[in-house]
Structure formats: structure tokens, C-alpha cells
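Student: Input: one structure, supplied below.
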Amino acid sequence: MASASTSKYNSHSLENESIKRSSRDGVNQDLTEAVPRLPGETLITDKEVIYICPFNGPIKGRVYITNYRLYLRSLETDSALILDVPLGVISRIEKMGGATSRGENSYGLDITCKDMRNLRFALKQEGHSRRDMFEILTRYAFPLAHSLPLFAFLNEEKFNVDGWTVYNPVEEYRRQGLPNHHWRITFINKCYELCDTYPALLVVPYRASDDDLRRVATFRSRNRIPVLSWIHPENKTVIVRCSQPLVGMSGKRNKDDEKYLDVIRETNKQISKLTIYDARPSVNAVANKATGGGYESDDAYHNAELFFLDIHNIHVMRESLKKVKDIVYPNVEESHWLSSLESTHWLEHIKLVLTGAIQVADKVSSGKSSVLVHCSDGWDRTAQLTSLAMLMLDSFYRSIEGFEILVQKEWISFGHKFASRIGHGDKNHTDADRSPVFLQFIDCVWQMSKQFPTAFEFNEQFLITILDHLYSCRFGTFLFNCESARERQKVTERTVSLWSLINSNKEKFKNPFYTKEINRVLYPVASMRHLELWVNYYIRWNPRIKQQQPNPVEQRYMELLALRDEYIKRLEELQLASSAKLSDPPTSPSSPSQMMPHVQTHF
């Protein structure tokens, strides 16, 4: 079981939201109580500050800094404001004003966060009062720059579920019916010698030997060869993922690679062509030839069809999200909202990712063709497309644990560069490798859940919790760039999994409208008319955006379910009492379930 301190923390922690008012949330914390702390969390310093709230103006408070979080409590009697910000969320810390700055609250610190908000604190100018706070914050928000461990390695939380056991690749492939006569499991990458960014266990065509795989690896960027992600349970078409071929400006060919793709196609005798979806715009794919990359040409790959999906690169996505932040924080300008949102192009990018995934899913579901997906290196757009297509095709991934397995498999084990894209513990906020690729994927999942409200076992809070801990560094789940790096750092032994937190309190993350369905393929409408900005995530820090949490329909449904359970319990108690009085047991119903349908019809 979770320790007392853990459960105490979990009742009012980051998973709910980081700006809290005790009167609104029902957080019954004594205002004299110190900062709540996780096991392994230590208080570093505290200081009196003025929090420059963008919504309510200056608020006098005391800020506490631990090795995990920045925690501010209001000292004003008319405000119960609490800020609870994990230091991993911080992207940038800047000094505001100088010793000679004029004007009220012009001297202090400006903090930029990765989760769509900024924080500003004013301090007294005399005695360099901000120096200590700046240095401590910089040290613990960016521990890697100061030879300190990320908090996940210090976290001593205990849960009654071990999230690291959620994903077992052999079990997941076995669930898919693998290995079979056409596909085998290979351990050629057991020591990460074939490809240092791939998992140790791979599924490849039965007819391809390990030597074939080594030769193919020389012609694929970063040695990321085509390997199986998912197989259709009935028509046996497959989704295969890889990186771009190393064609270059001279148009190089590789007979082993060409033959290997033919072998993949021939694993299903019903199809005549292998469909290749290149996630990039065609102009980018052509440009990649200049740096040694490229794409599969018709003359080299006779039995393949190539389509470009026009999804832009990580730099375009980063700039797009910056524009979203500009229009949602701190103020939302109502008069030009639609044109401002359109100018960010964020929903256009969401549309293109979803459209690409729909094409992959449709091709496989129809049985017309197996599909190979790649972008440049096969760890950003490729992961978006394969995981979303698998979510559309396979209802198992729409359960809570199924979705966790999908993330572990297609993102974490296959080498999405979380450390580079998020910048865990790294002070270099201008790093060109930063990009919201995983956020974009979760946004696409949210869009699907809006269009199919009964298809997913998890709720919106589940997705927001995943994103919050993508940045928090409280868990080891999203740390490092690939499986080999996690093995070296012994992440599963030395840190706690995010899935431990979620799976020990599943009820909190369940969608009450979920209806389990087998083999139903979901095709979301990827039209701009049907896509919307995820307000409860992107604009959640603005108190003027009225959020109905929880959804009133969902709340009422949960109440009815609770009422039903109460009636069933009372019914069972009455039946037990009556059966004890009866001398002839057969005259009474044999089980409560015989009477339950009459109770349930009211709901």
C-alpha cells in the first residue's frame, strides 16, 4: 500500500491542478501547515515574495522551494491562493529589473513554464534579496547542469501497484498472435548493437535472417530497420515502422533493403503492393537527400506505393505551440479569437497527423495492403502515426492499461527522444531539439475521445495527468531518449513509474460512459469543423475560463451509478436477512443477481 505521506499528498496534488483555492477545491489544508512533501522531497529555502498574478494582481505570499517543487501560499486574508509547481515544468528563469529599477514590483524573477503559463515574483531590492532564490531555483530546476540527479531518482513514494510491470513486449506480441509462420521475434538487438535507439526485442519477417537485418540496417537512418508494430488479427496485414532510406543525392540503391521490403509484402499472399507512408512533405523528403537521406523511389521499389503525408517537422510544431501560448496566456482576446487561433496553425497540424493515421488504419483494416511508416529518423511523426492508427484499429489500446502499453511500446521503447524534446533538467531552453511531438499525440487522442465519448476507458484527467508528469520529473517513465539509456541508468530499479500512480487509483481516471467493444475501428473526422482547441488543458490556468469540472452530465451519471450500487447492496442485505429467517431455503431466490435486473431498469 502507499505510505501515509504518499496518500496524504495524493489527495490534493499536481494531478488535480496547480493553482488552488481551498474554498473552491475543498482542500482542507491548515494554512499554517508547511509545504506538502513527497517521500524523498526536502525543503531547501523559503522566502516572502509578491506573486504578480496576471488575473488578480499582486498577492503577498511565502514561497517554499524544495528539491521537487516551487510552492507558494498566499499571506493575504482575502486570498487562499496556492501555487504548486514541479520544478521540472520550468523552462527558463530570468531576472526582472535591476537594483535601480523604479516602480512598484519591478524587481524580481520571471519564470517561463513548459505547461502554457508563466510566473512572476517581485522581491525587495535591498540586499540582493533575489540572488539566493535565483541560484537555488536554477540549481534544482536544472539539476543536470549542476551535476545533480533528477528528482525521480530521489523519489521514495510507494504504491500498491508496480507500473513497471505493465508492459512486457513478449506478452504484448503474444496478445497480437505473434510469433507465427510469417513473423518471428529476434533478439539481435539484445545488447543494442544493431540499433542503439531501438528496443532489445524486435518482430521481423520469418524469412529474413539476422544477417539480412544487419545489411538492411546500413541503408536506414540510425540503423532503424523496418520492424513490425501491429498485425491485423483477421486479414494479417501489418503496420511496420522504420526510418528513411539513405538514398542521398546520387540516388543510391540497396538490394538488401529492396528485397527486405518485398519479404514484408510477401508475409501476406493476398496483397500485391506494400504501401509506404512518408510522414514528411515531399519537398522536405527531397531536401533530405542533400544530407544523405531520402525516400523509396518507384524504380527501386517496384512492388511498393509511396505517399507523402505533409506533416511538418519538429521546428514548425515548436513555433506553432509558442503561438498558441501567446493567444491563451495570460489573456484570451475574445474579439479576434478565431483568427488568432487560425494563425497558430496548431489545429491544422493536428488535422494532418490525424488524417495520416486514418489513412494508415484504413489501408490495414480494409486488408488491401500492409503499411510501412517512416519520417526522417522514425521517432517523432512515425510514432504519432503508428500509435494513433493502432488506437483506431485495436480497442485494447483504448483501455487504461492498454493505452499505457501503447505509450510504452510505440513511444518509450522505440526511442522517441523524450529527454531532447522536453529538456528534462536541462537549462538550454533554446535547444532546437525541443518540440511538443508527444503533446500533439495526446491532443489527437483527446480529439478522438471527444468524437467517440464511449470508446475510451480513460477520461480527460488521465491525459492531463500524463502530460503533467511528462514534465514533472517525479517519475522515471519519460526520462532519457531510448531504452538503452534507461537500461544504463537502471531506471526501472531506481525510479517509480507513472503507471504506479495511475493504476493504484484507477477510478479517478475512468470514463463513466465507457462501453467496451471488440474489433470496432474508429475513424475520427479530421475536418477543421470538427476539431477544437483543448481548452481544459491549454487555458486551464485562466480562472476566467469557466471550466465545469467535472462535467455535469458525467457527475450525474456517476451519482446514478453510486445509487445503483447502494440499492444492490441493500437488496443483498435484505435477501441475506430474509433467507436466514426462512426455514425452507429453496423458496427464496438463489442469488441477488436474480432480482438485480428489476432494480437496474430504473437506471
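Student: Determine ³J(HN,Hα), in whole Hz, for all residues of segment 74-82 in sequence, where each value follows from phi through the Karplus function 6.51 cos²θ - 1.76 cosθ + 1.60 and θ = phi - 60°; x replaces Gly and Pro.
Tutor: 5, 9, 8, 5, 8, 9, 9, 4, 10
Student: Dipole magnitude of segment 204-261 about its Cα centre, charges +1 at Lys/Arg Cβ and -1 at Asp/Glu Cβ only, in debye to the nearest 20?
Tutor: In debye, rounded to 20, segment 204-261 gives about 200.
Student: Stretch Leu75-Ser209 to full length: gain in nm at 0.36 nm per residue minus the Cα-Cα span?
Tutor: 41.4 nm
Student: Output ³J(HN,Hα) for segment 505-518: one whole-Hz value per residue in order, computed from phi by the Karplus curve 6.51 cos²θ - 1.76 cosθ + 1.60 with θ = phi - 60°, and x for Gly and Pro.
Tutor: Each residue of segment 505-518 in turn: 9, 4, 4, 5, 10, 8, 8, x, 8, 4, 10, 5, 10, 9 Hz.
Student: Placing +1 at every Lys and Arg Cβ and -1 at every Asp and Glu Cβ, with all other atoms neutral, what dipole size does segment 469-557 have around its Cα centre, in debye to the nearest 20?
Tutor: Charge dipole, segment 469-557, about its Cα centre: 220 debye, nearest 20.
Student: How many angstrom separate the Cα center of segment 253-329 from the Cα center of segment 145-223?
Tutor: Using only Cα atoms to place each centre, the spacing works out to 22 Å.
Student: Separate question: Out of Val316, Phe441, Ile350, whose Cα points farthest toward the positive end of the dipole of the chain (charges: +1 Lys, Arg; -1 Asp, Glu; placed on Cβ)?
Tutor: After comparing all options, I get Val316.
Student: Show that you can apply the helix-only estimate: for the chain, add -39,500 (n - 2.57) for every DSSP H stretch of four or more residues, divide by all residues, and state [θ] at 222 nm to the nearest 500.
Tutor: -10000 deg cm²/dmol
Student: Please report the relative contact order for segment 60-185, taking Cα pairs under 8 Å with a sequence separation of at least 6, and give it as a percent rounded to a whole number. Don't skip to the end; give the middle numbers.
Tutor: On the way: 144 pairs, mean separation 18.1, N = 126.
Relative CO of segment 60-185 lands at 14 percent.
Student: Using Cα centres only, tell me the gap between segment 389-439 and segment 472-526 in whole Å.
Tutor: 10 Å
Student: What part of the accessible area of the chain, given as a whole %, is carbon or sulfur when the probe is 1.4 angstrom? Walk me through the intermediate numbers first.
Tutor: Working: 13310 of 26640 Å².
Taking all protein chains in place, the chain shows 50 percent carbon and sulfur surface.
Student: Please list, in chain and number order, the residues 5+ apart from Ser399 or on another chain whose amide H is under 5 Å from its amide H, with Hs placed from the backbone.
Tutor: Glu457
Student: Which lysines have a Cα lying under 16 Å from the Cα of Lys124, excluding residues fewer than 8 positions away in the same chain?
Tutor: Lys47, Lys60, Lys95
Student: Turning to a different aspect of this structure: If you place +1 on the Cβ of every Lys and Arg, -1 on the Cβ of every Asp and Glu, and leave all else neutral, what size is the dipole of the chain about its Cα centre, to the nearest 20 Debye?
Tutor: 600 debye
Student: Excluding residues on the same chain fewer than 8 positions from Lys581, give the lysines whose Cα lies under 20 Å from its Cα.
Tutor: The reachable lysines, counting only those whose Cα sits under 20 Å from Lys581, are Lys569.
Student: Take the cross-link list Lys190/Lys368; Lys190/Lys417; Lys351/Lys510; Lys322/Lys417 and give me the ones stretching past 28 Å between alpha-carbons.
Tutor: As for pairs spanning more than 28 Å Cα to Cα, those are Lys190/Lys368.
Student: How much area per residue is accessible in segment 246-311 when the probe is 1.4 Å and only protein heavy atoms are counted (Å²)?
Tutor: 48 Å²
Student: Taking amide H atoms as placed 1.01 Å from N in the peptide plane, list the residues 5 or more away in sequence, or in a different chain, whose amide H sits under 5 Å from that of Arg69.
Tutor: Distant-sequence amide H within range of Arg69: Leu87.
Student: List the residues whose amide H sits under 5 Å from the amide H of Ser369, counting only those 5 or more places along or on another chain, with H placed 1.01 Å from N in the peptide plane.
Tutor: Residues meeting the amide H criterion: none.
Student: Rounded, prolate or oblate for the chain? Axes are the square roots of the Cα gyration tensor eigenvalues, ordered a ≥ b ≥ c, and the cut-off for rounded is a/c under 1.5.
Tutor: oblate
Student: Which one, Ile82, Pro58, Ile44, is farthest towards the positive end of the dipole of segment 31-82 when Lys and Arg carry +1 and Asp and Glu -1 on their Cβ?
Tutor: The listed residue farthest towards the positive side: Ile44.
The values are calculated or read from the model by the stated rules, or taken from the named source; none is laboratory data. Worth saying up front: this structure is predicted, and the values here are computed from it rather than measured. Positions of Cβ are generated from backbone atoms using ideal geometry, with glycine treated the same way; all protein chains shown enter the neighbour counts. When the accessible area is computed, the model is the full protein with side chains, heavy atoms only, and any ligands, DNA or RNA have been set aside. Shrake-Rupley method; radii C 1.70, N 1.55, O 1.52, S 1.80 Å.
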